[in-house]
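Report on the following structure.
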Amino acid sequence: MQHTRIKDLLNASTFGQEVTVKAWVKTFRNNQFLALNDGSCLGNLQAVIDFTHTEEALLKRLNTGAAVLVRGPLVESLGKGQRVEVKVSHLEILGDSDPEKFPLQPKKHSLEFLREIAHLRFRTNTFNAIFKVRHTLAFAIHQFFNDRGFVYLHSPIITGSDAEGAGEMFRVTTLDLNNPPRLEDGSINYKEDFFARSTNLTVSGQLEGELAAMALGNIYTFGPTFRAENSNTTRHLAEFWMVEPEMAFYELKDNMDLAEDMLKYLIRYALEHCPDEIDFLKNRLLEEEKLKPQAERSELDLVSKLNFCLENNFERLTYTEAIEILRQSKPNQKKQFKYLIEGWGTDLQSEHERYLVEKHFKKPVILTDYPAEIKSFYMRQNEPDAQGRKTVGAMDILFPGIGEMVGGSQREERLDRLVGRMEELGIPAEEMDWFLDTRRFGTAPHSGFGLGFERLVLFVTGMTNIRDVIPFPRTPKNAEF
Ligand code: 4AD
Ligand code: MG
């Protein structure tokens with residue numbers, strides 16, 4: 001049967017026509033006023049019931065969470081709080097919701113509680129808004145790259161290679177765990193496994209992306225990636241979505257320009273296409289922050305923070321310059337950092353990234369030219385500096401409240417340099433022959449980066465835990481639903 005979305009009814013400009021609505025009950029008060037939501041927008045539609053002409057038994061079933069059908073004329077509302085309402089002439093219960101058992105009552109629930117009932121949390125306004133923003137950002141990613149002539153490349157989920165060389169992979173196998181075939185030396189014989197080799201879930205589509213970029217020019221991947229790192233933080237997932245553009249003939253600066261343009265485009269797109277959702281999330285955050293001491297509250301509200309990012313250039317500096325700022329910073333001098341910055345060469349901890357972004361520059365920062373030792377094998381080697389220190393053409397984009405949003409680099413296109421680095425790290429060149437072929441035949445400078453999609457959604461929604469911006473989070477000791 002034909003029914004109209006609540007979003008369209010709330011925007012209606014003509015009245016009197018009969019409409020049919022199918023939705024879920026949010027609240028029912030005074031035996032008369034039904035607040036209905038069908039997911040099409042955050043707003044509820046008021047449906048007014050003539051209880052004197054409605055069976056008592058039917059009224060009793062109008063519980064929060066029940067699915068209903070109402071029909072009647074759409075009229076201008078005389079009451080406060082809504083512009084339109086439906087005068088119900090016909091009411092049907094499509095699916096009951098037992099108020100004794102339905103866990104979502106019309107009151108405030110904590111995000112922790114909602115995480116435990118992630119299968120039902122879509123029904124709250126907060127998660128309605130979050131997943132609309134998430135969808136909009138995903139759509140905008142395709143729009144951005146399509147408009148610029150990039151090809152969407154589907155990199156494999158199952159691979160034999162460890163793109164990041166960090167060894168944090170989930171194994172994929174059909175071998176019998178209780179009785180795997182073994183070689184003479186006792187090790188597992190993967191020749192008998194499904195793919196006749198050991199395989200894992202991808203940690204990054206970059207290496208395959210490079211192969212395609214070295215023929216198609218500009219490509220991007222957008223898909224799930226998997227990391228078996230035991231990081232129980234508000235920024236890490238074991239399964240997360242990554243956007244990885246890869247561009248032939250791009251050098252590091254081109255790479256940074258593209259990443260900054262992309263992030264600004266995506267934030268602007270969300271502001272333009274989800275104004276109601278972002279406004280709702282802004283107010284949610286203001287409420288949440290009221291519970292914090294003044295000093296810990298954000299200086300800017302969510303919308304101002306997003307606009308601020310659009311209006312300012314990201315600060316660009318080298319790792320070496322950043323280390324100098326950090327070394328001389330107050331928290332370092334006063335030994336307030338947990339990890340004190342003493343010399344050059346160690347990786348930055350999130351307290352250092354946050355200091356640079358939130359205290360020192362107060363805006364997104366692009367750090368470049370990291371020490372080779374702390375970055376992946378494929379990054380382009382810079383000439384050693386005057387003190388003989390080795391760096392690579394890496395770039396990380398750090399965001400307030402998030403830390404690392406994007407990680408990327410110019411790629412090492414020189415075969416001898418690349419193979420040399422792989423040897424140093426013990427990465428067997430024969431297993432990566434396919435990758436090295438790009439450097440053997442028509443090699444050229446190229447660059448790319450990876451955007452952690454959930455970290456972007458976190459930033460744009462103003463949420464604080466990454467588990468709240470993906471429908472069903474996978475984290476250590478948790479893969480429910
Ligand atoms: O810095 P990462 O590890 O870089 C790569 O994987 C490169 N292959 C990307 C490239 O150059 N094509 O990861 C990229 C981004 C990080 O900046 C972060 O935003 C996100 O992915 N990320 C995670 N997000 C959620 N949970 C995790 N466990 C993440 N690990 C990385
Ligand atoms: Mg990184």
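The values are calculated or read from the model by the stated rules, or taken from the named source; none is laboratory data. Just so it is clear, the structure is predicted and the values come from calculations on it, not from any experiment. Because the Cβ atoms are built from the backbone with ideal geometry, glycine has one as well, and the counts that use them run over all protein chains shown.
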### Query
Looking at region 82-103, which of the residues that are farther than 18 Å from R121 by Cα and of a type in the set (S, T, N, Q) is modelled with the lowest pLDDT?
Q82
### Query
Quick check: is even one residue across region 31-52 touching a Leu at 6+ places or on another chain (Cβ under 6 Å), of a type in the set (V, I, T) and assigned to a strand (DSSP E or B)?
no
### Message
Exactly one of these conditions fails for I427: (1) buried (at least 21 other Cβ atoms within 10 Å of the Cβ); (2) not in a helix (DSSP H, G or I). Give me its number.
### Response
(1)
### Message
Under 8 Å between Cβ atoms, which residue pairs at least 6 apart in sequence (or on different chains) link something in region 390-414 that is closer than 18 Å to R467 by Cα with a partner that is part of a strand (DSSP E or B) and of a type in the set (D, E, K, R)?
### Response
E404/D396
### Task
Please list, ordered by first then second residue, the pairs with beta carbon atoms under 6 Å, 6 or more apart or interchain, first in region 142-167 and in contact (Cβ under 8 Å) with a residue 60 or more places away in the chain, second of a type in the set (D, E, K, R) and assigned to a helix (DSSP H, G or I).
S155/E208
### Message
Checking the conditions here, which among T461, T443, T438, T475 is of a type in the set (S, T, Y) and either modelled with pLDDT under 95 or under 11 Å from the mean Cα position of the chain (by Cα) (or both)?
### Response
T461
## Note on the structure
Listed by range, strands (runs of 3 or more DSSP E) wholly within region 338-421 having at least 2 residues that are within 13 Å of ligand 1 (Cβ to nearest atom) and over 29 Å from G462 (Cβ atoms) are 391-399, 403-410
### Query
Of all residues in region 110-149, how many are outside any helix (DSSP H, G or I) and within 13 Å of Y220 (Cα to Cα)?
2
## Note on the structure
Output for Cβ contacts, cut-off 8 Å, separation at least six or different chains, first residue hydrophobic (A, V, I, L, M, F, W, C) in region 437-456, second surrounded by 17 or more Cβ atoms within 10 Å (Cβ to Cβ) and assigned to a loop (DSSP other than H, G, I, E, B), reads A444/E413
### Query
Looking at region 242-265, is at least one residue surrounded by fewer than 17 Cβ atoms within 10 Å (Cβ to Cβ) and outside any helix (DSSP H, G or I)?
yes
### S204 vs. criteria over 17 Å from G450 (Cα atoms), near ligand 1 (Cβ under 8 Å from one of its atoms), part of a loop (DSSP other than H, G, I, E, B) and under 25 Å from the mean Cα position of the chain (by Cα)
no
### Query
All but one of (1) part of a loop (DSSP other than H, G, I, E, B); (2) small (G, A, S); (3) within 21 Å of the chain's Cα centre (by Cα) hold for G209; which doesn't?
(1)
### Task
Please tell me if L104 is surrounded by 14 or more Cβ atoms within 10 Å (Cβ to Cβ) and touching a residue at least 24 places away in the same chain (Cβ under 8 Å).
yes
### Task
Considering every residue within region 226-235, establish whether at least one is under 19 Å from F127 (Cα atoms), surrounded by fewer than 21 Cβ atoms within 10 Å (Cβ to Cβ) and either touching a helix residue (DSSP H, G or I) at 6+ places or on another chain (Cβ under 9 Å) or of a type in the set (F, W, Y) (or both).
yes
### Query
Out of A35, A57, A66, which single residue is touching a Ser or Thr at 6+ places or on another chain (Cβ under 9 Å) and without any contact (Cβ under 8 Å) to a residue 24 or more places away in the chain?
A35
### Query
Which residues, counting only those in region 435-481, are more than 28 Å from G160 (Cβ to Cβ), within 14 Å of ligand 1 (Cβ to nearest atom) and crowded, with 19+ Cβ neighbours inside 10 Å?
L456, V457, L458, F459, V460, M463, I466, R467, D468, V469
